Amino acid sequence: MQPKVKAAVLASGSGSNLQAILDELHGDPEIPLEVVLVLSDVNSAYALTRAAAAGVPTQVVRPRDHATREEFDREVAAVLDQHGADLVILAGFMRVFRAEFVRRYAGRIVNIHPALLPSFPGAHGIRDAFDYGVKVTGVTVHFVDEGVDTGPVIAQCAVAVDPDESLASLEAKIHAVEHEIYPETIRAVAEGRVTVA
């Protein structure tokens, strides 16, 4: 059996994608991945509560405690290294890392985005696609590079936008797909079935 990949999940909010990862991957002896840390930039993030319930160590690194974005990035990296993280999973983490951090973990940072990249990058992918009036949107899992939502795509799943769709109903559909595709894709990465060429 291959050794476990040690994963750190970074989340800023409720942590619903984190919960899907914990439910599908963490603690399963057949899956070569173990969540060793959940890190947030927000003290009140519910993701921390989810992690604690699963017995996963947590840490908060707040941007306001650091003079520069680079200092914040270095502190996050130090915490990841303390926990021996092999894989960095962004799950609703609302910070963009600088180039030095991304290079340090090149090919080992994955992110999920609620649109079919390269369309509708940025923090409001669902709303932007909805406001544009697309008939199909979706979910993208990608490796993180030095741009914003520009890294190599690992997996995508299309989601149809119904004629009577509301923004709230589209968000619910997108999130349901995220909770399926993200754990599946992370497992493929952990098993070595996906790499950056």
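Over region 74-197, with every protein chain in place, what whole percent of the accessible area is carbon and sulfur at 1.4 Å, could you tell me? Provide the component values of the computation, followed by the final result.
Working: 3210 of 6120 Å².
Carbon with sulfur: 52 percent of the solvent-accessible area.
Loop-located GluC sites (Glu not before Pro) in region 1-94 (DSSP state other than H, G, I, E, B) with a sparse environment of at most 15 neighbouring Cβ atoms within 10 Å: Glu30.
For Cα pairs less than 8 Å apart in space and 6+ apart in sequence, what is the mean separation divided by the residue count of region 1-89, i.e. the relative contact order in percent?
Numbers: 142 pairs, mean separation 31.8, N = 89.
36 percent.
Heavy-atom accessible area for Asp28, with the other protein chains in place and a 1.4 Å probe, reaches approximately 50 Å². Calculate log10 I(q)/I(0) of the chain for q = 0.10, 0.13, 0.18 Å⁻¹, where I(q) comes from the Debye formula with a single equal point scatterer on each Cα and nothing for solvent. Computed log10 I(q)/I(0) values: -0.40, -0.68, -1.28. Each Cα pair under 8 Å and six or more residues apart adds its sequence gap; the mean of these over the residue count of the chain is a relative contact order of 20 percent. The trypsin sites (Lys or Arg not before Pro) found in region 131-197 that occupy coil by DSSP, while having at most 15 further C-beta atoms within 10 Å, are Lys135, Arg193.
Rounded to the nearest 5, what % of the DSSP beta bridges within region 50-156 are antiparallel ones? Intermediate results must be reported in sequence, preceding the final value.
Working: 7 of 10 bridges.
If I count the DSSP bridges inside region 50-156, around 70 percent turn out antiparallel.
If packing is taken as the average number of other Cβ atoms within 10 Å across a peptide's residues, how do 11-18, 42-49 rank, most packed first?
Details: 11-18: 21.4, 42-49: 16.8.
The most tightly packed comes first, giving 11-18, 42-49.
Here is the size of region 52-112 from its Cα atoms: Rg then Dmax, 11.9, 34 Å.
Spatial offset of region 107-142 relative to region 48-104 amounts to 23 Å, using the alpha carbon center of each. Here the accessible area is traced with a 1.4 Å probe on the protein chains. For region 4-49, carbon and sulfur cover 46 percent of it.
Taking the helices alone, the chain has a mean residue ellipticity at 222 nm of -10500 deg cm²/dmol, built from -39,500 (n - 2.57) per DSSP H run of at least 4 residues and averaged over all its residues.
The values are calculated or read from the model by the stated rules, or taken from the named source; none is laboratory data. Everything numeric in this text was worked out from a predicted model, so none of it was measured. Methodologically, a virtual Cβ is constructed for each residue, glycine included, from the backbone with ideal geometry; neighbour enumeration extends over all protein chains shown. Ligands, DNA and RNA are excluded from the accessible area calculation, which covers all protein heavy atoms including side chains. Shrake-Rupley method; radii C 1.70, N 1.55, O 1.52, S 1.80 Å.
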